[in-house]
Structure formats: structure tokens, C-alpha cells
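The structure appears below as C-alpha cells.
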Amino acid sequence: MILTDAVKENNLIAKEYKELLKISYQSLNTEDRKLIRLAFNTSVDAHKNQRRKSGEPYVFHPIAVAKIVASKIGLDATCIAAALLHDVIEDTEYNESRIQKLFGKTISKIVIGLTKISKLKKEKDISLQAENFRKMLLTLNDDVRVILIKIADRLHNMQTLEVLSSEKQIKIASETLYIYSPIAHRIGLYDVKSELEDLGLKYTEPEMFNEIKNKIEESKDDQDKYIRNFSRRISEKLKKEDLSIKISGRPKSIFSIRNKIVKKNISFEEVYDKFAIRIVYKAKPEIEKFIAWKIYSIITDYYTPNPLRLRDWITSPRSNGYEALHITVVGPGSKWVEVQIRSERMHEIAEKGYAAHFMYKQGKQNENGLEDWLNRLKEVLENSETSALDFVEDFKLNLYSTEIFVFTPAGELKSLPTGSSALDFAFSVHTGLGLKTRGIKVNGKIVPLSYELKSGDQIEIIKSENTKPSANWLDYVKTSRAKSKIRTALKEEKKLLAEDGKEILRRKLKQLKINFNEKNVHNLANYFNLRTSLDLFYRVGIGKIDNISLKKFAALNKNKLLNYLRKKISKKNSEISHIEKEIKNNFDQIVFTNEEESLDYTLAKCCNPIPGDTVFGFLTVQEGIKVHKKTCPNSISLQSKFAYRIVKAKWIDSTQQDFSSIIKISGIDNIGIVSEITQIISNNLNINMKKMSFDTIENTFAGTIKLKVKNKNILNKLIEKLKKINGIEKVNRE
């Protein structure tokens, strides 16, 4: 019997459904199965005429999201059903009332929260993705499950990204690295976070991704052998102590290895902790901590620990609920090895996510800190006047932060992000206390408000009712909570002063015989280079704009102010254009868009691209197109926040102009090594050495050489030649 394509697809859909029930992390009763079946049937019916970009039936996507929700995040039947329905309201004939009638208020509310925001106001100075992100987080006020399912949705989109165009791949991957993986990290979804990061890297830096991936695969056999050698010495002793344990290896993610290579400027081979050894043990909750330290004692009997690398997250769990004991020891072959010691319960939290496990399986959110985190998040969300981009930056700033632990005068322990100031602490205690902070004592001594706290500090706040926050305070604080409350207080103060300023301006314009109307207020704001009328009224209110300034405006206004300004701007642009043309005629040509157009541009100073580098254009508000390297430190942020301003760009010639480049060299200080380096550079007719400096410490040296080169290929060949010199250890382009 020959099966039709439709029958084959239906069989595959049925197979996916059975697998969904099988892999569910939580046990499903009869009612749960009925609910999931109804959601599945509804999703199949709703999406019956839709297909994905890959050509497969659209319903495979909600099923895949539900499978992630069930297995990787460990959510219950309600969430599995919501995941199956997450695109139904937006993309099909099913509406909100129909879903509520079929599934009740809870699921309907989650599905509405998951429905994409399609009608956003387009503004030049705002990122639609950032605004989307803020609105998505606002749903947390109702139900944290919305964001958990949203992360699962993003993960499956990343897993199937290969069918999209390269531009869309980079945009979506950048958004993922910028927003979604930090959220997954903060909620405790470590496996999901690692997969999102690796997939993000696959599309933003494909060469780096493939190189590390291949090397990890090549070294897998050696890694497995090493883990067996490590385990052999301690397994017998652990069994004698009647401990039920499981020892396994855990390779570090490609993304985390890439970060170490880039940040420390080292090679793959020089990353010493490419994998961790994990010991998971069985224990009753009341003796978990005792057993963890017992295992620690046994391991350190055989392997020497590094005391500076001990992390006790059992006594003081991370704020996202993560618990474990991490130690770094000298393992077989004198290699540093990280060992993670966890109970089965701790392992469950780490693997499935703190929010899912505690909020929906055991309902113990109070004792584990999730509620505290959600309350802090809500405070940030309340500050709705913050721009979307500022909001995302503030929120993100606290996601990846490691933590410090400090004490109140009464001895109460509080956790804050690393780098927090004494003023951050004041706001973490209470908003009212933060806003009235006059001074701070740390360990009994008065310190500046900007003082950076360290773990173990005891802090006392000196309060005054007459104190008001100043704009400088924003430079002193790191946490979203503190920034949000300071901004709100400053805005309230500014509004009060602006109201006074408005009346003052009305009187002064009347004296100058200028009408107080919208047009003249707008002209005034432009004249003083201010963005809004509120800024104008505020500056009048505080005396920054005085009678003399207003009289100058009045004189210009009589002489047709707008024409004057236009001529002035036109002349300035003409001068800039002339200078830019002179520069561009000497530079290598870059072309933009698929039509390879020649447009004016400047080279970004943050990454200094040279011919041969892979580049993209970024359309700035005031400086036209700026060209960045694809590997620029700002690349991910720009492509995520301002995807609509990214312009495709490439070099098409590299013969006319020398470009500055800096290389760093280090190694053993052999006699004549500097002479050999300079000789190799001097013998190359296409390279001009502008500056060279070397520092020697005992028998090692480190040097910096500034060069003028034609293109990247010439520079790469020079680096390869320098690496072959006897005694040279590293040669890197800055």
C-alpha cells in the first residue's frame, strides 16, 4: 500500500504527539492527558492550512515547543497545553473567547500573554525588539509561565533557523544572545541557556563556532578517558562510605569556551577547564550539606584543591535557586579540573530550572527566593517612563551578574550583584531609605556613596529627611532597582521645576512680544538643542536659560530663524562632505546593499576594520553610515537592538591605502630575537613599521608593534612568519 504525503504527515504528527506524552518530565494523570489531547487537536485544526518556511506543516512547531516545555523545563500539563496553543490566537481563526471557553481562564491568560505584539508604533530612536521584550516581561505580573514558554518557543526557532536568509539568521541570533539566553540563565534554565548561546554563536560567528565544535569532538575520547582515570581513584573510597553517587563529565558549552578564548586572548588548547566533572549523590534534604562536604573531603584526600576556586552555593544558594559545591583540584596529569558536587534534588533544579521545579511542582516559591526576584522585577517594570533600550540595558545588567553577600547592622544576610555600590544596598533595603541616604558606613567607617561593596561587608545607612537624589547618583549604582527609583524621583522633581519654568517662560516671552504657542516653544527647543518642551521648561525653571539667551532668540526669530538655521546646517554639512570626500578618495572602497552601492561612510573606532575583514554598515542618527567588523564587541548589541538600521556591506578593493594595525607579541627573551622580528617586518615591502615597544621581565618579553598594512591577508602572513621565530609564544592582532 502506497501512502500519500498527507497520510505520511498525519502519521508523523501522531508520532510526535505520543513522544510528547512519553518525555513529559512530570507524571500525567488521566485529566492531564485529556487536557493535552484537547490542546493538541485544537492546534492541529487551527494550523491545518499553514506551513513553515521549511515546507513542513506548521503544527510541528507548537508540538516541538511543547516537548521542550515538557522535557527541558519540566512544566506541567497546563503549560504543555498552553505551549501547543501559543500561536493559535495570533495566526488562526480561533479567538480569545473561544480558547477561554475550551480551556478556561488560566490557559487562556497564558496564551494571550504569549501572543506576539504585532502593532507597535515605529519610532526612530527605539528598538522594536526592546519594546517587545518589555511588554513580554510585563506578563510576569500575571504569570511567570508565559516567559518560560516564550523561551521554549525561541529555542525551537533557533533550532530551525537554517531555512531563513543569512540577514534574518544574524538578527534573530543576535536577539537571542542579547535577551533570551540571559533570561534563561537568570531563571536557572542552564541547559536551555547553553543551547541558546551555542546556536546564537553558530550564526553570529560561524567560523569560530565550527572550529571549537570540531576540536571538542576530536578531543572527546581523551576527555572520556580522563574522567575514567579521575573517577577510579575516588570511586572505591566513596562506595566504602556507603554513598550512592554518579560521576559524569560535563563539557563546557562552545559559547563559554569562545568567551575564554576572546577575553583571555588564548588558544583552544590553552583553555584548561574545557569540561567539568559532576558528582550527583542521593541524600535526604536534612543531611544534603553534610554529605556534600563529606564528598569534598574524600576528593581532596586524593587531589590537591585550589582554595581560591572554592564556591559554596549550598550554604548561600544563588538568587536563581542554584545549589552546588564547586571545587577546582589538580587532577591526573597535573591538570586543573572543576568538580561540581550536587544532590539529586539540586541537580534537578539545575537541569530543569528553578522556576519550574519550585513554583509548579512543589509550590515552595517563598523559601527559595523566586518571589523576591519577581518582586524586584516588577519594581523595574513599574518605571514605565524609561525608554525601552534603557530598560533592557538596566534589566540585562543584572542578569549575568555574579553575586556578593553583605550584612545589615542586625546581621541579616543580603545578596547583591558583584560591583554593587553602598547606595545600591540602601535601595535594596527600602526605596524610601535609598532616596533619603545622606551617608554610609561600611564596617564602621564612613565611605562615599559610590563605594564598591565586597562580600562580608557590614553596611549601615545614615538617613536624612532633607536629602534628595541627584543625577550623579545614577553613576554610583548598578542595580536596576536603584536606577529605576532614582530616575523616577528625578523625573518627579524635574516635572515640578518644569511647571514653574513654563509660567516663567510665558511671562518672559510676553515681555519680548513673542506669542507663547506650540510653534514658538518648538522653535525655542530647537534653538537650545533640546529634545522636548519639558526639557525647555525645566532649564528655564532652574535658570539655565536666562533673559540674555531669550533675547538672542528673539533677535534671530525676527530675522527668520528657521532659514538662518537651515543655512548654517547646510554649510556645516557641505564642509564635512568635502573633508569626507578627500578622505574617501584615499581609502579602499566599501559597497553597500545587495546592489553594491557606493555610499558615504566612516570606519568605526571601536573595532578599526581593515580591508579583508567581514563588515556591516550601521546607520547612525547623526553621523551617517559607520562600518563595523562582524566580530566587533558592539556587533551583537547593535544587530539585536537596531536590526532595521543594519546595512549589508563588503570591501571590493584593497590596493590603494595603508591601514593601521597593532600586533602583540610575547615569548622567551632570546638574544637577537628583537632584531629577527624587525628584520622580517622590514623585508616585507607591503608593511611599514610605525612604532615598536618591548618590556622584559626576567627571561620573558612582551611587545607591541604598530604597523601600516595594505590588507588583512598581508597581516595574517606576517603573523604566521613571526610565530615561527624560535622563542615566540604568542602573536595576536589587537
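Nothing in this text is a laboratory measurement; each read-out follows from the coordinates by a stated rule. The model shown is predicted, which means the values in this text are computed figures rather than measured ones. All Cβ positions, even for glycine, are placed from backbone atoms using ideal geometry, and neighbour counts span all protein chains on display.
Order of 165, 219 from fewest to most other C-beta atoms within 10 Å?
Working: 165 9, 219 16.
Going from sparsest to densest Cβ surroundings: 165, 219.
Sorted from fewest to most neighbouring beta carbons within 10 Å, what does the list 692, 208 look like?
Details: 692 15, 208 18.
Fewest-to-most Cβ neighbours within 10 Å comes out as 692, 208.
Could you state the per residue volume, in Å³, of the convex hull enclosing the Cα atoms of region 489-559? Spell out each step's value before the answer.
On the way: hull volume 5.4 nm³, N = 71.
Cα-based convex hull of region 489-559, divided per residue, equals 77 Å³.
Quick one: check the C-alpha center-to-center distance for region 165-180 versus region 414-458, whole angstrom.
37 Å
Would you list 86, 522 from fewest to most Cβ contacts within 10 Å? List each step's numbers first, then the result.
Details: 86 27, 522 13.
By the 10 Å Cβ count, ascending, the order reads 522, 86.
Please work out whether region 36-104 counts as rounded, prolate or oblate from its C-alpha gyration tensor, where a ≥ b ≥ c are the square roots of the eigenvalues and a/c under 1.5 means rounded, while otherwise a/b larger than b/c means prolate and anything else oblate?
Working: a/c = 2.18, a/b = 1.06, b/c = 2.06.
Oblate shape, in that a/c is at least 1.5 and b/c is the bigger or equal ratio.
Using 28 Å as the Cα-Cα cut-off, could you pick out the over-long pairs in 629/721; 53/105; 215/723; 18/284; 441/478?
Numbers: 629/721 25 Å; 53/105 32 Å; 215/723 21 Å; 18/284 34 Å; 441/478 19 Å.
Distance filter (> 28 Å) returns 53/105; 18/284.
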